[in-house]
Structures are given as C-alpha cells and as structure tokens.
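Okay, so here's the structure we're looking at.
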Amino acid sequence: MKPIRLPEPPSPTFGVPEIFEAGAYSIVRRAIIIGNGSPGAENQSIGLVRALGLLDKHVLYRVTRPKGGVNEWLHWLPVSVHKNLDFILRQLFGYTQLWLTARGRKPVIVRSENGKGVGLSTILEADVKKIVSTARETYEKDGPLLVVASGRDTISVASSIKRLASQNVFVIQILHPRTRLDRFDLVITPKHDYYPLTPQAQQQVPRFLRLWMTPREPPDGHVVLTLGALHQIDSTVLRNEASAWHDEFAPLPKPLLVVNIGGPISNCRYGVDLAKQLIANLLSVLASCGSVRVSFSNKTPAKVSNFIVKQLGDNPKVYIWDGKEPNPYMGHLAWADAFVITADSVSMISESCSTGKPVYVMGAERCTWKYAEFHKSLRDRGVVRPFLGTEDMSESWSYPPLNDTAEAANQVRKALAERGWSIRS
C-alpha cells in the first residue's frame, strides 16, 4: 500500500512571558462560538477554537433568522430588523412561519461542512445580555472568555459583547466585518477580502462607487490575514480519519483521484457547460487513475449532478457518492492521492491544500472579483494547478501544506499575550 502523505504538526506555539504565568484572572480556559447556521462560516470558528486547544471547552450560540415564505426575500435586512418585521407580520396577518430559535425548543444537531457532528447536542440562541452577564459574573472564578464569531449576522452580536464586557472578553471576528475594526479585539480574514483596494479592482469599479466599497483602508493591527479559509483539518485529524476509513479506501486501486463538486455562486458562474468540460477532462486522465471518487455538495445544481451521474455512473473506475450517510469527505481528504475541485468553494479548496497533495481546480477562469484574486494567490504559491485534462495522475507533486488555521491561532496567542492573557487548554 502506498504510504499516505501527511503534513507534519505545526511548529510550537507562541510562548507566554513569565510575568503572566501566575495571574489569577489571566488564563483563557473557555470559549463561546457565535454562528449563523452556515456550515462554512461555523466550521471556521470551530477550527480556530480547536487549534487553540479549547474545542472541548466551548459553547455554540447561533444567531437565527426567520425562515420560509417572504423571509427568503428579507435576508438583506439586519437580523434584528428582520426578526422584528417577522413578528409584526405574524401579528398583523396571521403569519404562521415559526421563528427558528433554540430557546425553549428542541435541541438542534450541529453539523460541520463535511457532514460530521461537532460534538454538541444543543445550540443556544445568541443573547448579548446573557453572554455579557456570564462573562462578568464568572470572570473571577473562570477567567476571561474567548468569543469567536463568523458570518454577517454575527457581527452586531460580537461587537456588542466587546463593547459591554471589554475587560472580561476577547472577541474575534472571522471574515472582514465591513465595519469599524476597532469594534473587535481581532479580525481574521483572507487576503482576498482586501481585493477592492488593489489597482485591478479600482480599474473595475466606477469612481463614484468607490466610496461605498469596503474595506476602504489597508489592514491595521486588528487584522490577521490568511490565504484561504480556516478549518478543522490538520495532520492529527487526517491520521485519525485514515484509520477510520481504512477498510473502505485501502483496497482501492491507486492513484485515487477525488473530485469534489460545489455549486455556482455570483462570482463563479457555471452550469452544465462546466460539467461537460469536467467530464471530458476526467475521461482524458482516467487511464492514469487507479480509481475515481466523485462527491457533490448540497449546493450542486441537480442538472449538473444528474449530467455527471449519467456520463460517469457506469464507469467501473468511478464511484459517485449517493449523498447518504456516512459522508466520505474526511476519508477522501485522508486517502486521496490528488484532488479535482470546482473553483467556487474556498473551504473545500483550503481544506484540500492543507494535505500537501496535488490539488487541481476546475473553472477558476470563470471566477471574478475577489474569487479570481484567491485563485491567483494559490497558483502563485504553487499549491494548486488548473485541471486541463492532460495530467498524468500517476506523477505526483507537492508543496508546503497551507497552515492558515495554526498560523492564525498563533497570532491569537500573541494578541492575548500583549493583553496579559494566555490560553490553557
């Protein structure tokens, strides 16, 4: 069996000056994650908390919006306004759609992007007053509270916690909040979020619209820049998953090519046309593959998945996941010899690039704006290549694995140390 190539564990973490070692109230032992229900966003927060050694000592809160009916057209509103409007509609017009919160309701199972549970059985509705009260009342006993939030709907909650309990919390916002950065202790965001400030972007945007663009200024001391998305994948996770999926993947002929297909977004538009090109390229490299495994995300259009199943479903070298549990995503990361991924998913590409294995991207030329900048940065660093259909999959190549999550965690430790705090996992 060909050995699995796994990245080495990240370098030792940032040390804490001795002056802070004995501080009674300077040790961060717990965390709160504030999510918005998006697996991609919440997975980033969970990944950071895991890298900080607090995965088993955190509570997940969620900012929820009303669902169904006219609510699907109101997501552009601030979440507080949306909730108030939903309440008024239900009172005035007998609007019956339930307000999806966990307060007083049945527990909600949390799922990460790859379909695996994150170890929690319930989610609490994010309540600023309750979180602030907890941070203040438990500070002397339990020390400072780390708050990690990700997603547009979490911005106002996280910034309010920082404003009301600044002495008791350290607040991290993941992804650029499009607001004043000093409302948070730290902002962790990919470099391509600052694409609007580049000369290329300035040429694309009319001058009268530039005042409305965010961010308007280069990153300051509040900002930690990453190349891709944060996630939960590291060498330890990959080794564990390789063991867990051994019986299914070890017998497969090598090399194993994993194909992950997402779904079109506003900045990466495609349809069956890209699926046709993908099929043609896959058939061209099939002779150099031992086996191929194809997975779709929940964002993949039915017309795309149906077309691919029709074209490849009967090929003996190809297995197409049917969407039923267990989700093989983690097994694919651990056992694949190479990946082909559609350009729309920053998360899937970032996770695959953390393995150090060959990653081929399909459709990057169709991406615009900051997504085009993301793919250019990856190509410049040598961690991805375009999928052309001329590759020999038996010839491997490698690169230093992306360690964005571990590097961001080290920056968090530095920022805490500057404040006189440290983390004890």
Can MET362 be described as crowded, with 22+ Cβ neighbours inside 10 Å, in contact with a Gly (Cβ under 8 Å, 6 or more places away or on another chain) and in the same structural domain as LEU257 (by TED's automatic domain parsing)? no
If ASN281 satisfies every condition in (1) surrounded by fewer than 21 Cβ atoms within 10 Å (Cβ to Cβ); (2) farther than 18 Å from GLU395 by Cβ but one, which is the exception? (2)
Under the condition of being of a type in the set (Lys, Arg) and out of contact with any Lys or Arg (no Cβ under 7 Å at 6 or more places or on another chain), which residue from the stretch 409-425 is surrounded by the most Cβ atoms within 10 Å (Cβ to Cβ)? ARG413
Scan the strands (runs of 3 or more DSSP E) fully inside the stretch 314-425 and keep the ones with 3 or more residues being under 18 Å from ALA275 (Cα atoms) and touching a residue at least 60 places away in the same chain (Cβ under 8 Å). 338-342
Checked LEU197, LEU181, LEU146 against criteria (surrounded by 21 or more Cβ atoms within 10 Å (Cβ to Cβ), of a type in the set (A, V, I, L, M) and more than 18 Å from the chain's Cα centre (by Cα)); the one match is LEU146
Select from the stretch 317-336 the residues that are more than 20 Å from THR236 (Cβ to Cβ) and touching a strand residue (DSSP E or B) at 6+ places or on another chain (Cβ under 9 Å) and list them in ascending order. LYS317, VAL318, TYR319, ILE320, TRP321, GLY323
Would you pick out the residues in the stretch 218-262 that are outside any loop (DSSP other than H, G, I, E, B), of a type in the set (S, T, N, Q) and within 30 Å of ASP182 (Cα to Cα)? THR226
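The values are calculated or read from the model by the stated rules, or taken from the named source; none is laboratory data. In this text, all values refer to a predicted model and were calculated from it rather than measured experimentally. Here the Cβ is made from the backbone with ideal geometry for all residues, glycine too, and neighbour counts use every protein chain on show.
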